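K.L.:
One structure follows; several queries about it will come next.
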Amino acid sequence: MPKSRAGANAASSKPRRAAAAARKKHPTPALTVSGSFPIIAIGASAGGLEALQTFLKHVPEQSGLAFVVVQHLSPSHKGFLVELLQRSTPMPVLQVSDGMPVRPDHVFLIPPNKDMTIADGVLHLQPQTSVSGLRLPIDFFFRSLAADQQERCVGVLLSGMGSDGTLGMAAIKEKLGATFVQSPAKFDGMPRSAVDAGVADVAAPADELPDKIIAYIRHTPPNRGEEPAIEETAERALEKIYVLLRNQTGSDFSSYKKNTIYRRIERRMGLHQITSISNYVSYLRENPRETDLLLKELLIGVTTFFRDPAAWQVLANDVLPQLLRERQGALRAWVPGCSTGEEAYSLAIVFKEAAEQLSPPRNVRLQIFATDLDKDAIEKARLGLYPPNIAVDVSPERLARFFHKTDYGFRIGKEIREMVMFAPQNLVMDPPFTKLDLLTCRNLLIYLSAEVQKRLMPLFHYSLNPDGILFLGSAET
């Protein structure tokens, strides 16, 4: 992209000087690391203009950060938002054009009537689509950003109604990014949805969010690859954290990959501006609430309906019809690490569809046992209540048939709920389910140590009937 500040020329120099005066007198040192830089994605809707202006007024000059704004805009919007935001910041404010690369110390604004993705740091536009009448441009971009930028991204939700952005925030957290929401907000629907879903790391007023984001980035190590070395002192501190977690929560994480645990602990340290893991151990001892939050962090309860759709197609078209033809009476399935239930309910729906397509029809039932270490997640799974934006992953036909619309969003129908039995379970320590026709374990084994993986595979083999099916995720295979 040319080095021109074309987007900045829309505003006069007076508003720029006023915006600059509202900042700290000393610019923040750039946070760019080794040619990369953090990308801050900001979602906003109703009441969002005022919140965006306040946010940008408090971003220091030359921070080294890039800001991408996804605002709910009317299709008839004429682009005046660029000029309005330019009055709040000396950074160039640009309306995105297709193929525009992201640069630090710039603000990029989604055009009206468009969805946006990012790949290799380049923004791409496409015609906006609606899912079951919902337009979800924030979720759409946040999920793309998480996949592209991994831990180098930050998600921010400002004022807005509805739940757009919640699924995207979950994806950012899964990839070790950080999530911030405005609180209080003029319209608190979007921020509150993220908080209620447990995917918001920090809630603060709009004028405080920039400093909190910068403090987090400064105290979080840059991407060091998949397997950074853990020093001996950190190893000892990690053992102490295992003990604290075990004593306070009853959960033992010593079987998880140390690298995975350590990186998530680093993320928590960054949120609290703690530079030493030894100091973080002390912080845990003094703050039991942080132990609970760390537990949630390590359980990595991020899932969606029909995750990896191609794999579900194979299950629906090949695996389940074969099982249905070969079996009589009832089939048994087990979903360990089920989190909040999306995977188990997806299996029940696909089974129901496959059974109805058999000719001649067969009277075969499916009993699904779904387990997880997180008792709170199990309770949510039993309720079967999900926000409206699951429409991104569930087709309109399935929503109409297998879900009931509620004031909150969608609830799984009784027919599907009765196929699934949820229970808390420690996969490593508790007895397994047996005599299974299908065992689906996806996006779980990758977090466990190689030694535990080797112990679990024979256990899975023992749990399955002869010719039973083991359904793994792409990362595990």
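K.L.:
Using alpha-carbon positions, what is the distance between the centroids of segment 81-141 and segment 276-294, in Å?
P.N.:
38
K.L.:
Right, something else. Rounded, prolate or oblate for segment 130-222? Axes are the square roots of the Cα gyration tensor eigenvalues, ordered a ≥ b ≥ c, and the cut-off for rounded is a/c under 1.5.
P.N.:
Cα axes put segment 130-222 in the oblate bin.
K.L.:
Let me ask you something else. Counting DSSP beta bridges with both partners in the chain, what percentage is antiparallel, nearest 5?
P.N.:
Taking every DSSP beta bridge with both residues in the chain, the antiparallel ones total about 25 percent.
K.L.:
Something else: Taking the alpha-carbon centroid of each part, what is the distance from segment 162-241 to segment 302-351 in angstrom?
P.N.:
32
K.L.:
Could you do me a favour and compute the accessible area per residue for the chain, 1.4 Å probe, result in Å²?
P.N.:
45
K.L.:
Could I ask something else about it? Between rounded, prolate and oblate, where does segment 49-177 land on the alpha carbon gyration tensor, with a ≥ b ≥ c its root eigenvalues, rounded for a/c under 1.5, else prolate if a/b exceeds b/c?
P.N.:
rounded
K.L.:
Roughly how many nanometres apart are two label points built 7 Å out from the Cα toward the Cβ at residue 465 and residue 282?
P.N.:
5.9
K.L.:
Quick one: grab the alpha carbon gyration tensor of segment 123-168, order the square roots of its eigenvalues as a ≥ b ≥ c, and give me rounded if a/c is under 1.5, else prolate or oblate depending on whether a/b is larger than b/c.
P.N.:
Here segment 123-168 falls in the oblate category.
K.L.:
Okay, next question. Can you list residues whose amide H is under 5 Å from residue 113's amide H, if they're 5+ apart or on another chain and H is modeled 1.01 Å from N?
P.N.:
73
K.L.:
Considering only protein heavy atoms and a probe of 1.4 Å, how much of the accessible area of the chain is carbon and sulfur, as a whole percent?
P.N.:
Ligands and nucleic acids excluded, carbon and sulfur reach 51 percent.
K.L.:
How high is the FRET efficiency from residue 330 to residue 446, r the C-beta distance, R0 41 Å, rounded to 0.05?
P.N.:
0.85
K.L.:
Using a 1.4 Å probe and ignoring any ligands, DNA or RNA, find the accessible area of residue 232 and quote it in Å² to the nearest 10.
P.N.:
130
K.L.:
Let me ask something else. Non-local amide H neighbours of residue 61 (under 5 Å, H modeled in plane, Pro and chain starts lacking H): which ones?
P.N.:
Under 5 Å from the amide H of residue 61: 28.
K.L.:
Pulled fully out, how much extra length does the chain show between residue 359 and residue 319, if you take 0.36 nm times their separation in residues and subtract their Cα-Cα distance?
P.N.:
12.8 nm
The values are calculated or read from the model by the stated rules, or taken from the named source; none is laboratory data. Everything numeric in this text was worked out from a predicted model, so none of it was measured. Please note: Cβ atoms are built from the backbone with ideal geometry, for glycine as well, and neighbour counts cover all protein chains shown. When the accessible area is computed, the model is the full protein with side chains, heavy atoms only, and any ligands, DNA or RNA have been set aside. Shrake-Rupley method; radii C 1.70, N 1.55, O 1.52, S 1.80 Å.
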